[in-house]
Every structure is written in structure tokens, then in C-alpha cells.
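Bear in mind that the values in this text are calculations on the coordinates, not laboratory data. Bear in mind that the values here come from a model prediction, so they are computed numbers and not experimental data. Positions of Cβ are backbone-derived with ideal geometry, glycine not excepted, and every protein chain shown enters the neighbour counts.
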């Protein structure tokens, strides 16, 4: 019975480590998505006249 508890504890710790790695990766994905959701700054319109080049 003790060996069963040790095996179960070992498998549980392995599962916890695996989930931690996935949590980190999922957090990175959400951070990337949030960055993509930020709207770009609008381009400023230039004030004044544009002089055409003479050829």
C-alpha cells in the first residue's frame, strides 16, 4: 500500500510540473494576443503644402 502511495505521489508531482509548463506557455500566448489587440497609433497628418518637384 505504501508503494502505491509513493507511485501516486510521483505521478501527481509529474503532472503538476507538466501543467506548470503549460500554464507558462498559455500565459505567453495571452500576452501576445493582448499586444496584438492594442490599436496602432494613428498616423499624423502633415500640416502645410506639398511642393511638387520640377523636372
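Here are the numbers for the structure shown:
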{"quantity": "Gained length - residue 47 relative to residue 8, 0.36 nm times residue gap less alpha-carbon distance", "calculated": "6.9 nm"}
{"quantity": "Whole-number D in µm²/s for the chain (Stokes-Einstein; Kirkwood sum over Cα pairs; 25 °C, 0.890 mPa s)", "calculated": "145 µm²/s"}
{"quantity": "The chain: angle of helix 2-37 to the longest principal axis, Cα-based, in degrees nearest 10", "calculated": "10 degrees"}
{"quantity": "Packing rank of 38-50, 20-32, where each peptide gets the mean count of other beta carbons within 10 Å, highest leading", "calculated": "20-32, 38-50"}
{"quantity": "Gain on full stretching of the segment that runs from residue 38 to residue 24 - 0.36 nm per residue minus C-alpha separation", "calculated": "2.9 nm"}
